[in-house]
Structure formats: C-alpha cells, structure tokens
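Below: the structure, in structure tokens.
Laboratory data are not the source of any read-out in this text; all were calculated from the coordinates shown. Just so you know, these numbers come straight off a predicted model, no measurement behind them. Here the Cβ positions follow ideal geometry from the backbone for every residue, glycine too, while neighbour counts run over all protein chains shown.
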C-alpha cells in the first residue's frame, strides 16, 4: 500500500481494517494523482465514475439487458437486466428517461429452481401471456461451464416459463419442466439460449400460422458448423410447446459479412438474437426484418473458454420459405462499435405505451445495449470491489430504416457486403438512394438529456494542427456535445483527423475524432485516465468504429457528407452517435475533478469546418427514487 | 392398546417407550392369538413373515425390480430393485438362488441430482455401454405427483444415464442433462418412464439399423388416447441420443385384449414394459417377440391418483413396418395373476453367464416379478413399521415359447383373444398345436428349492367333499408342494373344486384349488391369518387366476389336461405355478406357529385323482452373507 503518495484521505474510521471500512469512511481527493485504486476500501469508488442518466442496478454487476416489455395493464415500459449473475432485475419507466426499481432493486427472478439450479440466463416476455399475464420465456441453466470453445454439456440450457402477477416485481416459475427441454435432436450445439419472443405477420403468412402467433429465436450454433438462430413457433395457447422450424439462419464458423469491414465477424456463436421489423418511422409488423445479435469471436488460436471479441451487430435480411423458412442477410453492421458493447435487447414499444403516449411517438423498437464494465470479466485488477458496481446499459435507442438520398452513384456507395444497400438509383442524376439501419437515442431520452443548461460554442474552421479549447466548457462530467463537421472533397482518402478533446485537463484528455484514412471514428483513450497509470484493469486502448461519409449531391453540388456528431458524456460513460446510423460507446474513466474541458481537435491535414457546436450540461437523474 | 389380551411378551426393555424398543426387546408368542399388530414396537415383526429364498433388501420397502444385467467382466447376474423410494439397490448371483448385496444393501443410485431431484425410477442396463462399462438408462424424476389420472406435469420424467465402474456397487450419473429430455413433441402423456433397453435383429432388419443396435421402449400412454410403448433407437456410440421411432404399440384407453378374460386390461397406462424374443428353449434374438407390461387400471369412476388395479401381463406380437414400425399383439396373458404381482423386469441371461455356465442352461430370459407388500401402499393399517420390510421380488422365472401339442380342435382351443394361439392343426387327428408363453421357476432356483428334505404323500382319489390331512406335513412354513390332479371329462363346466389346504391349523388355513366353473385357480385367504382379525391391512380376499385345462389326446384317448401344480410357500409368500404356463403369487400371512399342515381339498362335485404329491422342506437361504 502506498497510500502516502496517493489522494486518499482516510476519515474517522481509518483505524479499521480497509475491508471493514464503508464508503463513507474514506474521502478521495480527485485533485491529486490516484493511488493503485484496488488498494482502497470496498465501496470507496462508488460515485467516482457512476453514470447519472443510465440504467444500472443500485449496486453490483449488470449483465445482459432482457425481459423488456410494455405492461398492457399499466402502459409502463419494463427494462430488465441480468444482475450479479443471480437472475434478472427490472425497472419501469414512463418516459424512457427516469426509472423506478422493481422489487427494491433485487432480482425479479433468481436461479435455484428445479429447472435452473445453476443460473437464469436471458429471457423475453410475452406481455399478454399465460392467463393474460406477462410471461417470461427464459434460459434455465443446469450445468456450467458453457462456452462455444469447449464441448457442450447436454442439458445445460433449457427454456422455461415464469409469470408475473404483481406488475413485474416477481416472475414465478411454472411448477413444471422446461417448455423447450433441449436443442433439436442430436444437435451438437455451441449454445442454446436467450429465447427472444416476437410476432411477425410475414412469418405468419409464409408458415400459414394463425395471426399473431408468437415465435422465438434461440441463439447459439453448432460445433464444427457455425453460429445459428434456431426458430420456433408457438404451438398452443398455453405456450407449453414450441415447434421447431429449423435453423432459419446460420453462418459458417468464424465467417464474416462481406470481408468483415462493416459488420465484423459472425464468429463462433450467436447470443442474444432479437428479431423485429422496421420501417422508416420505427416498428412496423409488416416492415423489413432485422435481427440484432451478439457474436462470440476470438483471436486465433482459440483459447478455451475465452471469448476475446464480442461484436454487437445488426442484420437486415429477407425471409423466404423453401421447405423450411430461412433468413438471408442483405446488410449488416454494428449496433455499437465499442469493444465492451454487447448483448443488446430490444422490444416493441407501442404507440399506446405511457412513454409514447406522452411523447406522441409511433410504434417503435427500443433497444438497450449492455456496456460491460470489466472487459467481460477479463479486466484483471479492475477495482471492482472499490467501485461496488460494474457495467451499465447504454441509452435506449430507437431503431428504424434510415434512407440516405442523393448519394453519388460511385464505388463508395456500391460496395457490397456493407452495412447499407442501394434501394434505388437515378441514372440521370447519377445518384442512388441508400438504406441502412437508423440508430438514434430514443427521442424522450434525448430530450431529457438536452433539458439542462446549454450553451453554444462558435463554429470555426481549422486548417492546421492544433487543440483549440472551447471558450466555455462544462463544469461537470455530465453533458451532451453536438456538432457538425464538414470536410472538403480533398479529405477523402487523406490523413485528415478531426474532432474533439473532451474530459480534458492538464493531466488527462480523451480525443474523439474522425479519421479519413480508414473511415473511422476513433476514441483515443491513451491519456483518458490518470488512474490507468496506477491501476491495472483500466483500459487505455483506443476504440474505433467505421463510418463511411458518402459523396452526396446538395443542391447539385457534390460534397462529402457532413459528419453529424453527438457525444453523450455521463461521467465515465461515453456514447458517440453519428449521422443517425453510427454508435460507439466506451468507458472514459477520467480521474481529475477538473478534467471537464472540451477542445476542438485537428491534425492539420486539410481542413475542417465545425458548426452547430452545442453543449448541454447536467443530463438528468434516471433514478429519482433511489436514496 | 390391548396388550394384555395379546401374545406379546415384553422383554427387559419393556420400560422404554414402545417407539424406542428394538426388535430384540419384544418376544412374540405365535401360539396365542395376535394383538392388533400395529400396536407393537417397531421392528418386532421383522421375522414373522419374512421369506427365506426370495430377493428383498435387508430391510425397508422393495419396489419395482430393474437394473438387471450380466456383468460381462464377471459373469455374475445383477438383480436390482427400487428400494425405500430412494433409488435402486442391487445384488449379484452366480446361481439364481443365493445373492450377495452390493454396496452393503444400500442403493447403488439415489435421487437428488440435477436431473433427478425428486426420485429415481426404474432403469435398465446396457452391459457393455459407455467405455464398455455397465450403463444404466433410468427415469430421472423432477416433479411429483405423477399419475395417469391427473394432468401430467411437463418434465416430470426424463431419461438419464449412469455408469458403474466398480462392479455395480455404484452407478455414477453422467454430469449432464437427460439423454431423452422429454416425451415426443407435444405428447400429452400419462407417463413416460421405465426405459427398457434391448437389442433385436428383427428390428435391425426392419429399420435398417446397424447390427446390434440398442433400442429402448419407454412405458406410458397419452391422455384421452390410451396406454402406449414409445420406441426409441440408439443414435450414437455414446448412447447420448435416442431416436424416436413412434408409438410402436398403443391401445385405446381402458380397453382389453379380447374380452378381457385372459389378459385383463390394457387399462389407462403402461408401466415397466420389457421387450425380448423367445423360442421354445428360452431367449433367441431371432425368436418371437414378447413384451411384459404392468398396466394401471381402475374401477370406475376413476378416483384421482388411485390405481386400484395393477395387471402384470405378457404379450406376444408381430412386428411390421409400414412407414413406422408397429407391434401387433397376437396373444396376451398374465405373467402373474396375483393382485399384488406387478412391475416385472427381466433380462437376457446368456449361456456364458456364471449361473448358466454352472447349470448348462442356454440363453434365457429371466424375469423377476414384484410382489407389493402393502397393496401398493393402499393397505391401511398394515404393520409396516413393525415388520420393517415391505414386499419382495418373486422367484426368478424362465420364459419361453411353450407348445401344447395334441389339443383337441374344439372351441376351447380355438377361442380368440386368448393367452394362446393355434399354430398348427392336424385335420385327420382332429387336433391342434397351441402356443403360449411358458412360465416356470428358473431351473437353478427350482433345483435349490427342492434340495432340502423331501417326502411323498401317497396319491389318492377323492369323490366326496372333504379336507383330508396329509400323513406328514412340513414342520415349518418353508416348503414346495408339487402334485398332479386329474379330472374326469365330466368335470368340464361342473362345480368341481379341488386342491389343497396349506398353512393349516385349528385356527387358520389357506385353500388353493382349481375351480372348473370359471376355469380358475383360487387362493382362498378368508381363513389364512388370525392376524387379519385383529389388524387392518392384512388382506383376506381371495386371489384367482384363469387357467384353461384343454382337452387333449393321450394315446388316442381324449381327456382333460392334467393340472400340474407347484406351490412354493416361503413363509408368507405363496407362489402357485401350473402347467408350465400359469403363475399366481400372493401373501399368506398365517400367524400360528403350528399352521403348517397340508390337506387334500375337494368339494365333492365329481372326482379328482391326486398323484405325484411331493413336499420339499426348508427351501434355502438366498442371503447367506447377511447377518
């Protein structure tokens, strides 16, 4: 222990052993260099990096989001998540901004039953299920370990039902065995979990199902074959039986969409697959079919039981039936490019829900992405006990079909195996219209984020290398920064890098910039945190995500599409949104209290024009009822 | 408590409370009338009715026999049975007479694992299974109650594997889920248990299976449809997967074979189905296919959770394939007619086994029938705690195809829906040859039973009503009585009843006789036990089983087939065998020490000639190693 060199001032309970100290017994000075944080008392870093406007439990570890639904009885939207590896906790929201814990923040379903002696994994909810009550179809776990890189223990994962009759505070397991007692016959699966229930009239029609039949995809894959989604159909009104309809989608082991540029890896195993259908406004049961999936990948050679790469992808596809029904991707991308972003779960949020009634929003599909707090438990030395919470959900995102008109019909637009596709072309104008997945912060959430004090930084053009401080910076580490960056045509393929430095002080800064050479948004975290210099497990590596800025025609003029950036900084959580179709989230664990400055950043290659630069301070407290 | 009127002399520990007394602390006088036996100290009746030559555990409740196999490594035959509702115990034999407990008489597999938190039901063994070791496929139970008369709780019964690597003393469950995780899709079963593994080249050929493929039938049925055997086929060399081949046999709910005369009821649910193939010598893989089943029946109206009738049947059938494979009965009968006889389990005993090597027997199919000790737990007031053991297995039986030649070709022989069938006819002689299931005490067992002191009672003809004492009777309640009874042609259809009184004294007697009016062997127990007059739960009802004595040609003379009787009395266990094709077993719980006399019995209608009347005394101790 080198506390004498550190910023920790022990309070009155200093004589007690560190492990006995409460968080109140230690005062930390964020104006001096940090010690090795893992030497601090448990709980002492609880507030240090805790976000304000995000969904996370009162304490402990958050895992995959799941169990979302709109309660037909109340109109409240329920947002759930794995909690402490001991089941699923849940909260309600009537505005997609503030949340109320259910069951005092404890789990609404825990493992330990006959079907799930070892664990409860992700589940999804039929809002009007058994007896008209919210009914959870979840993965009941009997054996561990489970990992795509090792032989699968038969019976490890089954799918069981639980019903809530108390408004979602408790989901009571049916007193019976699983409703899906195992994978299809003799399938040597890599996983068989995360059942996602949905309705889809296109499938109803193709499969001659009754209207409003429920389906479920179960995520996993087959050893030696590759990742897959297993499709099932509701068989009876009690949801007791689910008819297997085949691997409606499967990919070869460790293959990619296209060359892997735009959507990473199909990898070795699928997790947390959601299926839904969208139009340009949001959810539309007759719309284009999308899925979001987490893919479990690895550098080679594979290390047993280690998933070193987690890609959080979306995929659009066509559904057809030739004997069995199949899903064929036509575009795919990242739902979030962050290394720790994973396991998204979404749900239809109907226009009749409380949030939508208040905001006037149409039917939407709202997705929450998980941001692992400890590199998927690989961050050795991370001060988990000191922080006493790990991970968060990212802000709720509205998904829609996004159309990009007036794109110059060139190779940049026509690339295949991409995260967009050409939907029409205008030969006389020399343009095409593109389609991709639109990803944006839920409108109510964004409005709440922007509801605090805001100020505008004058736009400017930078042509030389430099870091130009804002005239005014936020006073805290809770803000939204929005800006538009325009680049000359010469930027294409150049070495230009331009963006912002945030969370900046003399000791620390994080740089977020667009880099033309590889069409990427980069989050340079090499100087993000003084704590990374003293404490293992605080990641300083750069984050990167691909965003192609197309050539577009604006009033007859060809130009590079403007970069439309929104950065949400919620203490240590950074979410970068761009152009309605890009998201990258990561941890930025700055240490110093005064690391709140913002600067323009440019590397001097070519020029950039910043405009509409706005900062909204404060964010909002997502948990007004918590003590 | 009316101990003052009773025959119980309390010993030195009399001052202790009854529940604290050991069996040694009480001396019971079997020369005076019994008290209400349920008032006696626990264990005090342990020896009273305990059989000597039968298979039963050192103490406690015996249930279904199962888990039999010949260990390829030792040649020993293993005989198992449910024990105390807490798993399966097992013993070995090298002679089908004496047995050695495995695991000190404790269970070799117990419930409480992930797959079987509630119970372990019957299983059967692949002798050269996983890694060449004896491998048990058994029913792992997760939910109770289970009964054909109530809705089935999904997942209650699954089929799991356990392997023994210590000579059968312990079967270690595979650390995985069930290999048959549930009934076929959306089957609303009445039961799904008692997997019986077998090999059959006829099925191999019909189904284009690899040679020596293992099959399993699982017993049960479907609600609203009827009882059934579900057929599965081994899919892989690790026995991990079993391919469902259909309900190869099913019957309508509560239907019967023929009019129900010869084989009782198919009833509401099948249990403990065995499948095997026989010729006239014993087991032959290419022989005629038989099954034994327990059927769960009920008087009407059905009382929920009560099986008031348990029929222990055998069925012969043909196997055919028309799309799926099916089993079609061509004859059926009772494997044992006793009310408490049930749940038989057999196994191939190869000629290379130790018992067969010593006896020179060919390949055989040896079946053990269970004799419930308390009317399937319905005997209210039975002094279970006083006895400290409940039930037994019956003597091992060799099964074969039995041919009955020179039967007069008349309606008696030609009855359809019977427990025999005509296999050939000789028009000129006016005879047919019949075929049925041959049921006899295993040859080694029978030889051992007859190895004690024996004496012959002179044959005699009785023409008038009377009970004629033997000149010599056994000194104990452990003996075998053999005799042949010949009847005149006029006996057919008459009121003639003739047989023996056994276990007789001035206070008690049991009459076993053949009754022509309904072609039945009757065990009249109305005067069997003085204890039945003081103690509830000691059943005095008559037992009855059908045996048709055919008209046969003997040297050109037509006569009624001779009744060839063998009675085994092993204290309270009575097994009645007749004509190589009939068995009826029951409890005869005589009380008085001197109830050992035997008499001829005749009711005076017509005449009967007794011949070859022999008594062998003493039986043998099946458990020489027990203390």
Ascending list, in nanometres, of distances separating the residue B:59 label from those of the other copies (7 Å, Cα toward Cβ) = 5.2
Pseudo-label separations to other copies for residue A:285 - Cα-to-Cβ vector, 7 Å, nm | 5.8
How would you rank B:347, B:225, going from fewest to most other Cβ atoms within 10 Å of each one's own Cβ?
-> B:225, B:347
How would you rank A:130-140, B:95-105, A:269-279, highest first, on the average number of other Cβ atoms within 10 Å across their residues?
-> A:269-279, A:130-140, B:95-105
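Once you average over the residues of A:152-158, how many Cβ atoms of partner chains fall within 10 Å of each Cβ?
5
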If R0 = 51 Å, then residue A:299 and residue B:259, at their Cβ-Cβ distance, give a FRET efficiency to the nearest 0.05 of 0.10
In square nanometres and to one decimal, what's the mean projected area of the convex hull around the Cα atoms of region B:111-352?
-> 13.3 nm²
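Considering just Cα atoms, how many Å³ per residue does the convex hull of region B:203-263 enclose?
Hull volume over Cα atoms, normalised by residue count, gives 108 Å³.
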With no solvent and one point per C-alpha, what does the Debye sum give as log10 I(q)/I(0) for region A:413-555 at q = 0.21 Å⁻¹?
-> -1.46
Axis carrying B onto A: which residue of B has the nearest Cβ, and how far, whole Å?
-> B:181, 2
How do A:546, B:210, A:497 line up, fewest other C-beta atoms within 10 Å first?
-> B:210, A:546, A:497
According to the Kirkwood expression over distinct Cα-Cα pairs, how big is the hydrodynamic radius of chain B, in Å?
-> 25.1 Å
Subtract the Cα-Cα distance of residue A:324 and residue A:380 from 0.36 nm times their separation in residues, and report this length gain in nm to one decimal.
-> 15.6 nm
Between residue B:279 and residue B:95, what length in nm is gained on full extension when 0.36 nm per residue of separation is reduced by their alpha carbon distance?
-> 64.0 nm
For the protein assembly as shown (alpha-carbon point model, no solvent) the Debye-based log₁₀ I(q)/I(0) at q = 0.06 Å⁻¹ works out to -0.66
Starting from a label point 7 Å past Cα on the Cβ side, list the distances from residue B:153 to the same position in the other copies, nm, shortest first.
-> 2.4
Taking the square root of 5λ for each eigenvalue of the C-alpha gyration tensor of region B:121-250, the equivalent ellipsoid has semi-axes, largest first and in whole angstrom, of 24, 19, 11
Part-to-part distance (alpha-carbon centres) for region B:122-138 and region B:502-541, which is given in Å = 42 Å
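Output the peptides B:188-195, A:619-626 sorted from most to least packed, where packing is the average of other Cβ atoms within 10 Å over each peptide's residues.
Going from most to least packed, we get B:188-195, A:619-626.
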Sequence ranges B:155-162, A:327-334, ranked by mean other-Cβ count within 10 angstrom, highest first | B:155-162, A:327-334
Given the Cα-Cα distance of residue B:240 and residue B:32 and 0.36 nm per residue of separation, how much length would full extension add, in nm?
-> 68.9 nm
Roughly how many Å is it from the Cα centre of region A:562-599 to that of region B:47-76, as a whole number?
-> 74 Å
Per principal axis, largest first, the Cα atoms of region A:193-314 extend in Å by 47, 35, 18
What ranking of A:310, B:223 emerges when the number of other C-beta atoms within 10 Å of each C-beta is taken as an exposure proxy, fewest first?
-> B:223, A:310
Put one equal scatterer on each alpha carbon of region B:475-606, apply the Debye formula with no solvent term, and list log10 I(q)/I(0) at q = 0.09, 0.13, 0.15, 0.20 1/Å to two decimals.
-> -0.27, -0.53, -0.69, -1.12
